[in-house]
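The values are calculated or read from the model by the stated rules, or taken from the named source; none is laboratory data. Please read these numbers as outputs of a predicted model, since none were measured by experiment. Cβ placement follows ideal geometry from the backbone for every residue including glycine, while neighbour counts extend to all protein chains displayed. The protein model used for the area step is the full one, side chains on, heavy atoms only, and it has no ligands, DNA or RNA in it. Shrake-Rupley method; radii C 1.70, N 1.55, O 1.52, S 1.80 Å.
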Amino acid sequence: MHIVELQELAGAALGLTEEQTDAIFEDDEDFDSPLIEKFGIDFDQFCNVVEALLPLTPTLQSPLTDAVYHAFVRQLGAGDCRAIVKMKAKEQPKKEEREQDGQDLGAALREDGDSR
């Protein structure tokens with residue numbers, strides 16, 4: 001996990017917008033005070049909690065690589081999300097499963113009349 005990702009997650013946990021979180025970065029402020037005020041923990045403790053909870057988050061599959069990750073996400077609307085902090089899941093789909101899924105998707109698109 002990278003420090004910037006953890007800071008972005010802290011901002012999200014504090015209810016800050018991405019712009020508000022960016023302002024904290026730009027002003028060289030830290031997240032200790034707001035985290036202590038809201039949760040009673042400093043940034044280092046927050047990072048420890050994130051590390052402990054991340055493997056317990058639901059898994060998401062990357063549409064680009066098919067890799068499966070545990071992730072804390074920011075909701076983007078319309079059912080879309082963006083991973084803030086992620087780690088590769090221990091169990092990954094086998095190559096045969098990925099190929100079969102791709103074939104199944106191709107067949108489904110053809111049935112729907114999509115020419116992709």
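Some points to look at:
- Accessible surface of Asp42, taken over heavy atoms with a 1.4 Å probe and every protein chain present, rounds to 50 Å².
- DSSP-loop trypsin sites (Lys or Arg not before Pro) across segment 37-100, with at most 16 other Cβ within 10 angstrom: Lys90, Lys94
- Backbone amide hydrogens, once placed in the peptide plane, bring Val73 within less than 5 Å of Ile84, excluding anything fewer than 5 places away on its chain.
- Solvent-accessible surface (1.4 Å probe) assigned to Phe25 amounts to roughly 60 Å².
- Protein heavy-atom surface of segment 1-71, 1.4 angstrom probe: 52% of the accessible area is carbon and sulfur, with nucleic acids and ligands not counted.
- From phi via Karplus (6.51, -1.76, 1.60), per-residue ³J(HN,Hα) for segment 52-57 in Hz, x at Gly/Pro: 6, 8, 3, x, 8, 6
- The GluC sites (Glu not before Pro) of segment 1-62 that DSSP puts in a loop, and whose beta carbon has at most 11 other beta carbons within 10 Å, are Glu29.
- In range of the label at Glu91: residues from segment 55-74 whose backbone nitrogen is under 17 Å from the point 7 Å along Cα→Cβ: 55-62, 67-71
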